[in-house]
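Bear in mind that the values in this text are calculations on the coordinates, not laboratory data. What you are looking at is a predicted structure, and each value in this text was computed from that prediction instead of being measured.
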Amino acid sequence: MEEVILTAEASIILYKLEYRNTILGNRRIGGFMDLNENIKNNIQRLRKERNVTQDVLAAALDISIQAVSKWETGSSLPDIMQIPRIAKFFGVTIDYLFYNEGKEEVVIYGELPDDDTLRIVQFRGKKMLGAETWEKDKNISLKIPEDIINGESKIELHTEIWGNANIEGNISGNVNCGGKINCGNIGGNAICQEKINCGNIGGNAECNEGINSGNIGGNATCSDKINCGDIEGSVKCEGNINCGEISGNVNCTGDILCGIIESGVECKGTIRCKEIKGDVHCEGDIIYEK
């Protein structure tokens, strides 16, 4: 017979099952029946509470949807090697999954990384709306306390927004927004599927529907117009650019109104600037202003 080597977690589970049935005494006969019922009910309840479909759970555990369905109807039980993975997926202890005992840990959504990112999401009633299903006509309002940014700890707060957000205060880290964002300064990179309306941006700025900001500390990429202060990096814009000085290259399909451009320019519209220090290819007029 082929030798089967159990992992540490699986060995612990087997130990717990055997130990429980030993100490339960007169409950031993019904122990496994109760256990089966607990696992069935807990998997189904935890899945629904976290707004996870059977196919998402199946994909995360690398099993079939039919297997999950059988667990929840009680016609079969998970393989012993799947138990730690199920507990980890739902953010509960193994004891909680088996016996409704022990600690129910932090609620997680799917396989989101535990990376200290502040995720701002929407709920409809008790249902969490996912990153791709949020309500586009709703704005999430949030106030970031001043001491988080300027206090002694000076936390670098990375933010991910599943929707549109109006944030009162500065964001010290990166921002990744699925809709549009209005906020104070952004200390890191700003990536937004719609509009960015903010103070200074410390890193790169990338969006689809327009940037309205203070200075940009890195590159700026936009499918619409850019209205900002100085840009420390290069610019790629499919609309018009209205800004201060630009330190890098510029590629623009619209008009450019700016100060000094330190590098080369490719422009399909008109350029109005103080000086261009690199090579220029412009399909429109070039007007140098004092």
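Key figures
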quantity: Pairs of Cα atoms farther than 19 Å apart, segment 118-288, %; calculated: 56
quantity: Among the listed pairs K236/K268; K225/K268; K136/K180; K143/K225, those beyond 20 Å (Cα-Cα); calculated: K143/K225
quantity: Whole-Hz couplings from phi, Karplus 6.51/-1.76/1.60, listed for segment 77-90; x for Gly and Pro; calculated: 10, x, 4, 4, 6, 7, 4, x, 5, 5, 4, 5, 4, 8
